[in-house]
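Everything on this sheet refers to the single structure shown next.
Derivation of every value follows stated rules applied to the coordinates shown; laboratory data play no part. As the structure is a prediction and not an experimental result, all values here were calculated from the model.
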Amino acid sequence: MSSRTSSTTTSNATEEEINDLVLRLQSLLPRRNQRRRNRTLSASKVLNETCSYLKRLQKEVEDLSERLAQLLDSVDTTAVDVELIRRLLQ
């Protein structure tokens, strides 16, 4: 066996490790209903749901950032106060 094949083989995760990671990832996803709680989803379904969830979170962060910027623009504060608030939120 070549050293390249050997190093590639040893760096790959085992099926058991991947299944464990998928289960851990699934546990981090929000529960939409009680029935799904006890059901194990396929790895592809968990990954698809994770991608969708992350996109929703990213959109929510963008929306909240925009709302905060609008609020900061409408509040009577000094430039120093606004900069301090922005630094605290980062």
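Expected output is a single nm value to one decimal: the length gained when fully extending between A13 and L84, i.e. 0.36 nm times separation in residues minus the C-alpha distance. What is it? Don't skip to the end; give the middle numbers.
Working: separation 71, 0.36 × 71 = 25.56 nm, distance 4.49 nm.
Here the segment from A13 to L84 would lengthen by 21.1 nm.
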Exercise. Grab the Cα-Cα distance for R67 and T50, subtract it from 0.36 nm times how many residues apart they are, and report the gain in nm with one decimal.
Key: 3.6 nm
Self-check item: Length gained when the stretch Q58-S74 is fully extended (0.36 nm per residue, less Cα-Cα span)
Solution: 3.3 nm
